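Down below is the structure, laid out as structure tokens.
The values are calculated or read from the model by the stated rules, or taken from the named source; none is laboratory data. Every value quoted in this text rests on a predicted model; they were computed, and no experiment measured them. Note: ideal-geometry Cβ built from the backbone for every residue, glycine included; neighbour counts use all protein chains shown. Note: accessible area is taken over every heavy atom of the protein model, side chains too, but ligands, DNA and RNA are not part of it. Shrake-Rupley method; radii C 1.70, N 1.55, O 1.52, S 1.80 Å.
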Amino acid sequence: MKHLLIKDIINSELAVSTENGEKVFEVVDFYLQKKEKVELDFSGITIMITAFLNAAIGKLYGKKEYTPEFLNEYLKLENVEKEDRSLFKDVIQRAKEYFANKEDFEKNSNNAIYGDD
């Protein structure tokens, strides 16, 4: 199992940017493609937001080779603060819903923003 310390990947205690989430995604994706189990360690992370998690973890659900079952088996989260656990649940649930029906989701979002033309 590959142990990855988030604060070392992003060089910060603040998991708040999409760009840093992308860094984590790229590292995790690299190991998952080799079917190597990954343990993400959030020790030392003082602030975390959904934008970071969407890029770091939610995006994994958009890759066809990663089923939710595969990710449950190959991706483990460690040292997540209690108050942050709900963020993970929300991000994962929204990612599953979004990627299950991406076209309709985007159409509905665009209609809500720009109107139904």
**Asked** Taking the chain as a Gaussian network, where each spring joins two C-alpha atoms under 10 Å apart, which residue of 44, 21, 58 fluctuates the most?
**Response** 44
**Helix-only CD estimate at 222 nm, as mean residue ellipticity for the chain, using -39500 (n - 2.57) per DSSP H run (n ≥ 4)** = -17500 deg cm²/dmol
**Prompt:** Mind checking the angle between helix 82-100 and the chain's longest principal axis? C-alpha axes, 0 to 90 degrees, to the nearest 10.
**Reply:** 50
**Prompt:** Of the residues 37, 82, 63, which exhibits the maximal mean-square fluctuation in a Gaussian network model of the chain defined by a 10 Å Cα contact cut-off?
**Reply:** 82
**Message:** Just the number please: accessible area per residue for the stretch 1-78, 1.4 Å probe, all protein chains included, in Å².
**Reply:** 51
**Complete:** Charge tally for neighbours of residue 10 with beta carbon under 12 Å away, counting Lys, Arg as +1 and Asp, Glu as -1, is -3
**Complete:** Between the Cα axis of helix 102-114 and the main Cα principal axis of the chain, the angle (0 to 90°, nearest 10) is 60
**Item:** Phi-based couplings in Hz for the stretch 60-67 (Karplus 6.51, -1.76, 1.60; Gly and Pro marked x)
**Value:** 4, 6, x, 8, 4, 6, 10, 7
**Mean separation of Cα contacts under 8 Å, 6 or more apart, over the residue count of the chain: relative contact order %** = 27
**Asked** Assuming R0 = 35 Å, what is the FRET efficiency of residue 33 and residue 82, from their Cβ-Cβ distance, to the nearest 0.05?
**Response** 0.65
**Message:** What are the ³J(HN,Hα) couplings of the stretch 34-43, residue after residue, when phi is run through the Karplus curve with 6.51, -1.76, 1.60 and θ = phi - 60°? Round to Hz, x for glycine and proline.
**Reply:** 8, 6, 9, 5, 10, 10, 8, 9, 9, 4
**Message:** Give me, ordered by chain and number, the residues 5 or more places off residue 77 or on other chains with an amide H under 5 Å from its own placed amide H.
**Reply:** 40
**Complete:** With DSSP loop assignment and no more than 14 other C-beta atoms within 10 Å, the GluC sites (Glu not before Pro) in the stretch 1-59 are 13, 36
**Fill in**
Reviewing (1) 48, 30, 23; (2) 35, 25, 23; (3) 32, 32, 23, the figure for Cα extents along the principal axes in Å actually calculated from this model sits under (1)
